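Take a look at the structure below.
The values are calculated or read from the model by the stated rules, or taken from the named source; none is laboratory data. Worth saying up front: this structure is predicted, and the values here are computed from it rather than measured. In this analysis, Cβ positions are derived from the backbone assuming ideal geometry, glycine residues included, and neighbour counts consider all displayed protein chains.
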Amino acid sequence: MSGKKNEELIFQESLSECVDSFGIGSQEGVKASLTECQKIFDCVSIVHQQQISEAFQLDEKIIKTMIKFMPSIKESVVEYEVVCCSGARCAKKGSIEVLKAVKDTLDIDFDETTEDGRIRLTTQNCFKKCNLGPNIMVNSRFYHKMNKVKSKELMKNIKDI
């Protein structure tokens, strides 16, 4: 298992423990999760903010506001976080072709950032939206039923903004 996937699993485990310890809706739990995320990844990405928001059932705006009041927490510096589903069900629906198109269009591999530092590309095993796959998430917004052409077009639009 790669280091990045290991880190992701550690974070997910920690997030789950924080929710169990502090409870749904707990801002103290959010603080603990943000701190843990910062320790693991050296920043709190948009994707991680969304995961914390969902885990504690709080609006993402609350998470962003809390980050502003925690000077030790750094938000991700990339403008676009592109996360591609790498789960088995999406793979059966053609996500391998989609993943290749995304990598080729952005000219980077997974867990890399474009030369201009604007776009980071990662994968997630499953978004739990298999019936709508293949799925891509850009800055917490989902794009469903992606194919090679739609994926290339989406990535070109992001690059050209």
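Condition check: modelled with pLDDT under 95 and in a helix (DSSP H, G or I). Does residue 91 satisfy that?
It is true that residue 91 is modelled with pLDDT under 95 and in a helix (DSSP H, G or I).
For residue 126, which of the numbered conditions (1) of a type outside the set (Phe, Trp, Tyr); (2) not in a helix (DSSP H, G or I); (3) not assigned by TED's automatic domain parsing to the domain that holds residue 146 fails to hold?
(3)
Out of region 28-55, which residues are more than 12 Å from the chain's Cα centre (by Cα) and in a loop (DSSP other than H, G, I, E, B)?
Across region 28-55, the qualifying residues are 42, 43.
Can you find, within region 129-144, the residue that is surrounded by the most Cβ atoms within 10 Å (Cβ to Cβ) among those that are assigned to a strand (DSSP E or B) and under 13 Å from the mean Cα position of the chain (by Cα)?
136
Given the conditions (1) closer than 26 Å to residue 6 by Cα; (2) in a loop (DSSP other than H, G, I, E, B), report the number of the one that residue 116 does not fulfil.
Result: residue 116 passes all but (1).
Examine region 56-75 for a residue that is touching an Asp or Glu at 6+ places or on another chain (Cβ under 9 Å), outside the structural domain of residue 139 (by TED's automatic domain parsing) and assigned to a strand (DSSP E or B), and state whether such a residue exists.
No - not one qualifying residue is present in region 56-75.
I need every pair where a residue in region 72-97 that is farther than 17 Å from residue 149 by Cβ has its Cβ under 8 Å from the Cβ of a residue that is among the acidic types (Asp, Glu), sequence separation at least 6 or different chains.
74/42
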